[in-house]
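Participant: What follows is a single structure, and I will ask about it in a moment.
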Amino acid sequence: MQTSGVRRLVRAIAIEDDRPQTSMQITATMSPNLSRPTRYVKSVSQQKSESYIQLNQYRLMEEIGQGSYGIVKLAYNEQDKNLYAMKVLDKIKLLKNFACFRQPPTRHNKPIPSTLKNPLQLVQREIAILKKLSHPNVVKLVEVLDDPSDNYLYMVFEFVERGAVLDIPTENPLTEDTAWSYFRDTLRGLEYLHYQKIVHRDIKPSNLLLSDSGHVKIADFGVSCEFEGIDAFLSGTAGTPAFMAPEALTEGANHFYSGRAQDIWSLGITLYAFVIGSVPFVENYVIALHKKIKNDAVVFPDKPDISDLLKNLILGMLKKDPGHRLMLHEVKNHDWTTRRGTCRMPTEQENCSLVTVTDEEIENCVRVIPRLDTLILVKAMGHRKRFGNPFRQNVKVNTTGSMRERRKSSSVKDPTYVPPSVPQINGDVNNVDRPEISNIEKGISTLEITIEKPKAATARH
Ligand SMILES: Nc1ncnc2c1ncn2[C@@H]1O[C@H](COP(=O)(O)OP(=O)(O)OP(=O)(O)O)[C@@H](O)[C@H]1O
């Protein structure tokens, strides 16, 4: 989406907002303070309007992208007046397809523990990794919202205004100067990831997003993985076929390849695409494409004309044998990258600092959004200073069937679904209409357990 369009949208939202307007609100910023730790969700409210859905502090707006498992929507945070990109993941689709298309790599030195085999747990691992990452050239995951009774999981990312750096194939590739700048940003982000012992496995132009200030941020960690020791020893294929290294295309139970070298290859294909406008190996059928990647030499067309130094770098990154391929520090120090030593890259130490992800963090990386009805019930209990359900006696037993129907129809099955009008949490719970009482009634079993284990309940919410 065009940046000016987004700015107009933000201005419109700020004006629509019924709170007193300040210049801050009118000029909502695109780049929030991303160094702060991920905020935790403590309460939820849902509102409907003809033009938007509100999820907690986020007003969901227009769609800005589509991935394999869901859509990405622009979201306006009413608290900090910033825009975010909210990825809406379909949990059912994930459960059905993840194992087939996004199988986690088998790692030589780190077998996947049986407790992590559930695909949603693998998403949690991905989220836990993402939450830890904090680098100007890596997209920041700000918050995750997850309601166990909702089919969707919401990942809130910093909004990177200009979207994918380049759509390929294109007749208008980047100039060598622009490619130089974007490439160095990507290299910085990738060095940081490798330093954090993460291989991305899907570096390509559409996963490199461009900020308003003209800087590149690496996105989409759907097939990335952590490693121990000096490198990831991978088997199996993952990522995008045209960007896969030759060694990743060999099948076999005992065939392992270097994750770092695979990322360098993909970066080489990406650099080629930046300046040529298309990838070097193109075929309609995957088997034929694999054959080309394994056997064919990289050829540069006459037009656009690129420097010999750049060709040399690309060819060094696209050596078929990973043992002869340039390593990341060699790419950083290549004459094209440093403009013959006049523009050196920051050292690894300057660029990186190590993060570790504990099992507890993986476990707790997703915030549960408590259901609105649960919150109303808890609030009512608070008023009465008693744990008993204040609404239970009012509900007729023979209405259960219709209650179930109403509950079913009020759950969010579709991200564009606008929930029915519900009372505000801080409203008078005694004025709650019968349909809402029926929803509350459905939460009784959970809350009765909660009463017996008050500590666990506190932790959950
Ligand atoms: N943080 C963001 N800021 C701005 N736009 C984004 C952001 N994240 C994603 N997008 C947009 O949404 C599109 C879809 O992103 P997403 O990561 O869901 O899928 P993908 O990378 O295209 O596909 P897949 O999930 O199949 O790998 C991107 O191509 C990009 O244009």
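Participant: Could I have the simple spin-label model distance between LYS320 and SER49, label points 7 Å from Cα toward Cβ, reported in nm to one decimal?
Facilitator: Between LYS320 and SER49, the label points sit 5.9 nm apart.
Participant: Quick one: if the Förster radius is 51 Å, what FRET efficiency do ASP305 and ALA253 give, using the C-beta to C-beta distance and rounding to 0.05? Show your work: numbers first, answer last.
Facilitator: On the way: r = 46 Å, r/R0 = 0.90.
The calculated FRET efficiency here is 0.65.
Participant: Three principal axis extents, largest first, for the C-alpha atoms of the range 281-344, in Å?
Facilitator: 43, 31, 13
Participant: If you don't mind, there's one more thing I want to ask. Any idea what log10 I(q)/I(0) is at q = 0.29 Å⁻¹ for the range 208-255, Debye with uniform C-alpha scatterers and no solvent?
Facilitator: The calculated log intensity ratios at q = 0.29 Å⁻¹ are -1.16.
Participant: At 1.4 Å probe radius, can you tell me the per residue accessible area of the range 160-374 in Å²? Don't skip to the end; give the middle numbers.
Facilitator: Working: 9570 Å² over 215 residues.
Roughly 45 Å² per residue, with all protein chains present.
Participant: Can I ask one more? Could you order GLU171, GLU226, GLU330 so the one with the most accessible surface comes first? Probe is 1.4 Å. Could the numbers behind the result be given before it?
Facilitator: Details: GLU171 170, GLU226 30, GLU330 75 Å².
Reading off the accessible areas and sorting them downward yields GLU171, GLU330, GLU226.
Participant: With every protein chain left in place, what is the accessible area of GLU143 in Å² (1.4 Å probe, nearest 10)?
Facilitator: Its accessible surface works out to 0 Å², give or take rounding.
Participant: Pairwise over distinct Cα atoms, reciprocal of the mean inverse distance: report the Kirkwood radius of the range 160-374 in Å, one decimal place.
Facilitator: Details: mean 1/r = 0.0545 Å⁻¹.
After inverting the pairwise mean of 1/r, the radius is 18.3 Å.
Participant: Note down the net charge around HIS329, summing +1 for each Lys or Arg and -1 for each Asp or Glu among other residues with Cβ under 9 Å from its Cβ. Walk me through the numbers before you get to the answer.
Facilitator: Numbers: positive: LYS332; negative: GLU191, GLU330, GLU348.
Neighbourhood net charge equals -2.
Participant: State, to one decimal in nm, how far the label point of TYR285 lies from the label point of LYS93, with both points 7 Å from Cα in the Cβ direction.
Facilitator: Placing both labels 7 Å beyond Cα along the Cβ direction yields 2.9 nm.
Participant: Please list the non-local residues whose amide H lies under 5 Å from the amide H of ASN82, H modeled 1.01 Å from N, same-chain partners needing a gap of 5 or more.
Facilitator: Here ASN77 satisfy the definition.
Participant: Something else now. Multiply the residue separation of LYS294 and SER213 by 0.36 nm, subtract the distance between their alpha-carbon atoms, and state the gained length in nm to one decimal. Please report the intermediate quantities before stating the final value.
Facilitator: Details: separation 81, 0.36 × 81 = 29.16 nm, distance 3.82 nm.
Gain in length upon complete extension: 25.3 nm.
Participant: Compare the peptides 279-289, 68-78 by average per-residue count of other Cβ atoms within 10 angstrom and give them in order, highest first.
Facilitator: Details: 279-289: 14.2, 68-78: 20.7.
Top of the packing list down: 68-78, 279-289.
Participant: Another question, then. Taking amide H atoms as placed 1.01 Å from N in the peptide plane, list the residues 5 or more away in sequence, or in a different chain, whose amide H sits under 5 Å from that of VAL138.
Facilitator: Long-range HN contacts for VAL138: ILE218.
Participant: At a 1.4 Å probe radius, carbon and sulfur cover how many percent of the accessible area of the range 160-374?
Facilitator: Working: 4740 of 9570 Å².
Summing carbon and sulfur atoms, their accessible area is 49 percent of the total for the range 160-374.
The values are calculated or read from the model by the stated rules, or taken from the named source; none is laboratory data. Model, not experiment: these values are computed from the prediction. With ideal geometry, Cβ positions are generated from the backbone for all residues, glycine too; neighbour counts draw on all protein chains shown. Ligands, DNA and RNA are stripped out before the accessible areas are found, and what is left, the full protein with its side chains, is counted by its heavy atoms. Shrake-Rupley method; radii C 1.70, N 1.55, O 1.52, S 1.80 Å.
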